[in-house]
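Heads up, the thing below is written out as structure tokens.
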Amino acid sequence: MLVDSPPEQRAESVSAPPTRRAIRAVGLLVSVLILVVVALASIAIGAKQLSIGEVWHGLFEASGTYGDVVVDDRISRTVLGLLAGAALGLAGAVLQALTRNPLADPGLLGINAGASAAVVTAITFFGVTSLSSYVWFAFLGAAAVGAMVWFLGGSRGATPVRLALAGMAITAALYGYLQAVMIMDDAALNRMRFWTVGSLSSATDATITQVLPFLLAGTVLALALARPLNAMEMGDDTAKALGAHLNRTRVLSMLAATVLCGAATAACGPIVFVGLMVPHVVRSFTGPDLRWILPYAAVLSPVLLLGADVLGRIVARPSELQVGIVTAILGGPVFIFLVRRRRTAQL
């Protein structure tokens, strides 16, 4: 016998009428256009001021001048921002659906902490100094923590609450380890200080090439999970009645979030609030259907990340404010607002 679900959930489980689907499709197209504008702004605007002519020359007629070099660096930075932003947004949306917590983010399951701990270990105990090596250690650390959270959360018997609690416990332990190692090793502290802030300024073609396969695989997997996650948001009993495989969906969701967030963190360092804010805001106008939330999050998260990066370059000229600092400054008040609005809605 099927378990009856609330009217609003039953309504969302039915395909949206053509008019609503058309509105969502137009909104997604507008979001893509906004992303294109922000990406162009990321190339044209920076801590070092260039004329429109220099930017144009760097894009289409590169000849090795100072302006051309700056534009080339900004292109790599922009591409990495596009990829990392989309990855963080998708990871956040998947984790919010998996934990049934609209205020969850990729840091909830300890993925950021795992990547950071792996990089600190590589610097302190293995003498690693190159950014290209950081990428692999960070990704392996994120993957290891993702697996630990899954097993500590109960593996096949895992529930959203158990996974969240396991992630929080591991995060607390790893950040304690991070602080201890960096306090005892001044060299590690100096090298880690920049990476742990979260930045796009060290973007290179090599870094993008290293993380691109993981980001593409994670993106495809996350998008493929939209339907089973939709069913699971109605509750385990209803999801089973609809034919969803709960354990398989949870395993694949953990894998997708770990790959996406791990690769993004490996390339840029831990960047907070992007995976929290964008999926939560997107849900307010798309509804709970992940078939729309995921594409919107993949498009609008890079808008936030690149926009914050451009803002950081402008406000601190001729230096710059790293994007991780800007998203933290912007995200704190937004997070408080979201929590208060959610609490008010429940009263």
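The values are calculated or read from the model by the stated rules, or taken from the named source; none is laboratory data. Just so it is clear, the structure is predicted and the values come from calculations on it, not from any experiment. We place every Cβ from the backbone using ideal geometry, glycine too, and count neighbours over all the protein chains shown. To get the accessible areas, we keep the full protein, side chains included, count just its heavy atoms, and leave off ligands, DNA and RNA. Shrake-Rupley method; radii C 1.70, N 1.55, O 1.52, S 1.80 Å.
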**Q.** Cβ crowding within 10 Å averaged over residues, with 271-281, 138-148 ranked highest first
**A.** 271-281, 138-148
Q. Of LEU98, LEU300, LEU225, which has the largest mean-square fluctuation in a 10 Å C-alpha GNM of the chain?
A. LEU225
Q. Normalised by the number of residues in the chain, what is the relative contact order in percent for Cα pairs under 8 Å and 6+ residues apart?
A. 29
Q. Pick from GLY198, GLY114, GLY27: which residue has the top mean-square fluctuation in a GNM of the chain where Cα pairs under 10 Å get a spring?
A. GLY27
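With n ≥ 4 as the cut-off for DSSP H runs, can you work out [θ] at 222 nm for the chain, using -39500 (n - 2.57) per run divided by the number of residues, rounded to the nearest 500? Walk me through the numbers on the way to the answer.
Details: 15 runs with 269 residues, N = 347.
Mean residue ellipticity, 222 nm, calculated: -26000 deg cm²/dmol.
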Q. To the nearest 10 degrees, how steep is helix 111-126 against the longest Cα principal axis of the chain, on a 0 to 90 scale?
A. 40
(Q) Can you compute the modelled spin-label distance between HIS245 and SER319, with each label point 7 Å from Cα toward Cβ, in nm? (A) 5.3
Q) Roughly how tilted is helix 290-315, in degrees to the nearest 10 and between 0 and 90, from the longest Cα axis of the chain? A) 30
Q: Once you have a ≥ b ≥ c as the square roots of the Cα gyration tensor eigenvalues for the stretch 251-328, tell me rounded if a/c is under 1.5, and otherwise prolate or oblate according to whether a/b is larger than b/c.
A: oblate
Q | Among ILE208, ILE34, ILE23 - extreme Cα towards positive end, dipole of the chain, charges at beta-carbon | A | ILE23
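Please report, in whole Å³, the volume per residue of the convex hull around the C-alpha atoms of the chain.
Details: hull volume 50.6 nm³, N = 347.
Normalising the Cα hull of the chain by residue number yields 146 Å³.
Which sequence of GLU61, GLU320, GLU54 reflects their accessible areas, 1.4 Å probe, from the largest down? Walk me through the intermediate numbers first.
Numbers: GLU61 100, GLU320 50, GLU54 75 Å².
Order by accessible area, largest first: GLU61, GLU54, GLU320.
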